[in-house]
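The values are calculated or read from the model by the stated rules, or taken from the named source; none is laboratory data. Because the structure is a prediction, the values reported are computed rather than measured. Note that we place each Cβ from the backbone using ideal geometry, even for glycine, and neighbour counts take in every protein chain shown.
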Amino acid sequence: MPSDIHYDELSSNKDDFVIIDVRNPGEIEHEGHIPGSHNIPLPDLDDALHLDDEEFSSKYGFDKPKEHDTVVVHCQKGSRARRAGDKLASSGMKVRVYPGSFDDWKAKGGEVKTEKE
């Protein structure tokens, strides 16, 4: 089962993780995203895990996480992130879940990027 990560640790060490946002693209367009995060909507996650490295990179715009990478998953409030974390962990990835997710990030003053920037 994936362990949790909280705002202080994530915001201080963001570059140490592959951050995956499992919200739908419309939510990200409306709300913004954590800088450096990558979007794979939760309904696409199973298929994404089965893509080879080249297909994954082409579709999602970043390198498919490797065994040595630690993936942090988040959504808006946390429930989809938990489901995504379980899926990723069962596929053998090192994963942590941000239970407060994007709502917590914004509430604690985390930087938010919008598509317009």
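Worth a mention:
- Within region 66-117, being exposed (fewer than 13 other Cβ atoms within 10 Å of the Cβ) and without any contact (Cβ under 8 Å) to a residue 40 or more places away in the chain holds for Lys66, Glu67, His68, Ser79, Ser90, Gly92, Ala107, Gly109, Lys116, Glu117.
- Within region 33-117, helices (runs of 4 or more DSSP H) holding 2 or more residues that are of a type in the set (A, V, I, L, M, F, W, C), farther than 15 Å from Val18 by Cα and at pLDDT 95 or above: 101-107
- Cβ pairs under 6 Å, 6+ apart, first in region 18-41 and touching a residue at least 12 places away in the same chain (Cβ under 8 Å), second of a type in the set (Lys, Arg) and part of a strand (DSSP E or B): Gly32/Lys113; His33/Lys113; Pro35/Lys113
- Identity of the residue in region 26-43, within 13 Å of the chain's Cα centre (by Cα) and not aliphatic (A, V, I, L, M), that ends up nearest to Arg80 (Cα to Cα): Pro41
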